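Here's the structure we're looking at; comments come further down.
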Ligand code: FES
Ligand code: MG
């Protein structure tokens, strides 16, 4: 338990500076009066009760999180039951699939705006209503920066999707259906029907995409109640968990239990281990590295490989496995996974969590109810299922998700460190997703099964926010021949729902002078996974000549910004390996104490 000595008294509540400050009656009256105007009483606001914010990320524009409009009522009930006062407020909407040019553009915008709310208003603690991909990191990052007591509540995944008796998982089914569409097996209407079946209820993606991943990791970090992440959105347990979360945040305020107590180096290492075991998204390193920066914990992509690579895949959920969110929940969700990892000695058990207890106390003794869905550590789906962090003369860092590498490829290129095998091939280069869509089926490109596809101009600066476009589908003609995937490398991201083992998040990106900018169609690349290398096979002098030429042309060209925020972020955003944080924002840590 957190020490009783740290218990706050009601005089120490942050909100009293606004609502009950006899030293400054004028300001207190001004702060107070408008909050009375919809029926709140002075007794509630000046009654020495914790004022708890409910950061509402759901709206009609954010359908993945929209069920939070209902769940917030149960959060509020829990807050009141525990003696707090609830103030709900809207967050900047982020809808992963609906926002142009890409939802990730808005992660830092939502972060900034939430920091201002948490810092500038009379809040003693906050419930972060998370869900869709970027909403979770944006909320956690803001809570880390301000450092007031905070707890996350996921909206929960949708129910399983089904089509003609088969599970259809969000996102993952799109990648499969587009192959069938390209091969001419299904028409446009059937394509829409299949994909539509994967969204049968309220909630976020039911696969282990970025939403399920980031909420599982919020729990692994200790920022959400044990077992809360996996509950499907419509289940009654979700509403009950909302109530418990509301009750718990009030206690956290009295215990003065803040993000900086929970988000330690050990907690981040636990989350990296958990991410490998669940087959988590390649967006996770971006968001966790960013969160770590905002709380002041050193963390980089080398840590992801060092801590996570050897961890086996335990969770049999799409895209790395077969099942979806409902089976994962019934099998025990994250606590069952953590119990396996704890049993194998892979978890820092003493990491403190939002319950006031350690992660070991929360999860030890839990177990999987279904060994086909959550495997035991001794009988995993795959060994060594974490991320590789590749380097070379093309980039300083690029991530590869090994849990989605097929057995044959893994056997050939990754399993035997003594084997000199590496894969090598000519590249075809695309400058952004539009260029790819226009040209991929052009026969003159000569794409065959030996080709490596390159996507550049898709990083945080080149395609503001970094597009999820690196998992490129081969040309239709190749798919018809049965070649369903080709090696892909890019400076953009890839959807967490994709099962393609791309080499992605390459940093630095072409737009800021990264090596991908020097590539030309027809160059050869050698990728040696055992050595964690990816290199262009052309002499240094030629590379230098191309670099000088590019400099003379004014650098790698990218489209102009379309909005003020695109322009502002481009001027100050870090690369994907650095978490895509805003450089000036990182120095502001724990601002509520200052
Ligand atoms: Fe929102 Fe997947 S698109 S959770
Ligand atoms: Mg996505």
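The numbers here are math on the coordinates, done by the rules we state, and not lab data. The structure displayed is predicted, hence computed values, not measured ones. All Cβ positions, glycine included, derive from the backbone under ideal geometry; neighbour counts span all protein chains shown.
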Provide the gained length on full extension for the span residue 572 to residue 587, in nm with one decimal, where the gain is 0.36 nm per separating residue minus the Cα-Cα distance. 4.1 nm
The chain: calculated mean residue ellipticity at 222 nm from DSSP helix runs of at least 4, using -39500 (n - 2.57): -10500 deg cm²/dmol
Taking 0.36 nm per residue of separation between residue 81 and residue 367 and subtracting their Cα-Cα distance, the length gained on full extension comes to 99.8 nm
Label-point separation in nm, residue 553 to residue 61, each point 7 Å along Cα→Cβ: 3.7
Under a plain spin-label model, where a point goes 7 Å from the Cα along Cα-to-Cβ, how far apart in nm are residue 265 and residue 70? 4.5
Tilt of helix 333-343 relative to the longest C-alpha principal axis of the chain, in degrees (0 to 90, nearest 10)? 80
Using a Förster distance of 41 angstrom, determine the FRET efficiency expected from the C-beta separation of residue 40 and residue 350, and round it to 0.05. 0.50
Expected unfolding gain across residue 183-residue 409 under the 0.36 nm per residue rule, minus the alpha-carbon gap, is 79.0 nm
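Go through 188-196, 354-362 and give me the packing order, highest mean Cβ count within 10 Å leading.
The densest-packed peptide leads the list: 354-362, 188-196.
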Simple spin-label model, 7 Å along Cα-to-Cβ: residue 193 to residue 560 in nm? 4.6
Highest mean first, what order results for 518-527, 249-258 on Cβ atoms within 10 Å? 249-258, 518-527
dims of the chain, Cα set, principal axes, largest to smallest, nearest Å -> 76, 56, 49
Based only on Cα atoms, what Rg/Rh ratio does region 1-47 have, Rh being taken as Kirkwood's radius? 1.11
Two-site FRET efficiency, residue 448 against residue 330, from Cβ-Cβ distance with R₀ of 25 Å, rounded to 0.05: 0.05
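Ordered by packing density, taken as the mean number of other Cβ atoms within 10 Å over each peptide's residues, highest first, how do 289-299, 274-284 rank?
Sorting 289-299, 274-284 by mean packing, highest first, produces 274-284, 289-299.
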Residue order, fewest to most beta carbons within 10 Å, for 397, 403: 397, 403
Overall Cα dimensions of region 478-594 - principal axes, largest extent first, Å: 59, 40, 34
For helix 236-255, report the angle its Cα long axis makes with the longest principal axis of the Cα atoms of the chain; keep it between 0 and 90° and round to the nearest 10°. 60
Region 65-150: C-alpha gyration tensor shape, a/c 1.5 cut-off, then a/b vs b/c: oblate
With a ≥ b ≥ c from the Cα gyration tensor eigenvalues, square-rooted, and the rule rounded for a/c under 1.5, otherwise prolate when a/b > b/c and oblate otherwise, region 388-553 is rounded
Calculated FRET value between residue 21 and residue 396, using beta carbons and R₀ = 60 Å, to 0.05: 0.75
Kirkwood Rh in Å, taken over region 1-113 so that all alpha-carbon pairs contribute: 16.6
Which stretch or stretches of region 440-456 have amide N atoms under 17 Å from the point lying 7 Å from residue 477's Cα along the Cα→Cβ direction? 440-453
Per the C-alpha gyration tensor (a ≥ b ≥ c, the square roots of its eigenvalues), region 259-320 is rounded if a/c is under 1.5, else prolate if a/b beats b/c, else oblate; here it's prolate
Going by alpha carbons, how many degrees (0 to 90, nearest 10) lie between the helix axis of 265-278 and the longest principal axis of the chain? 50
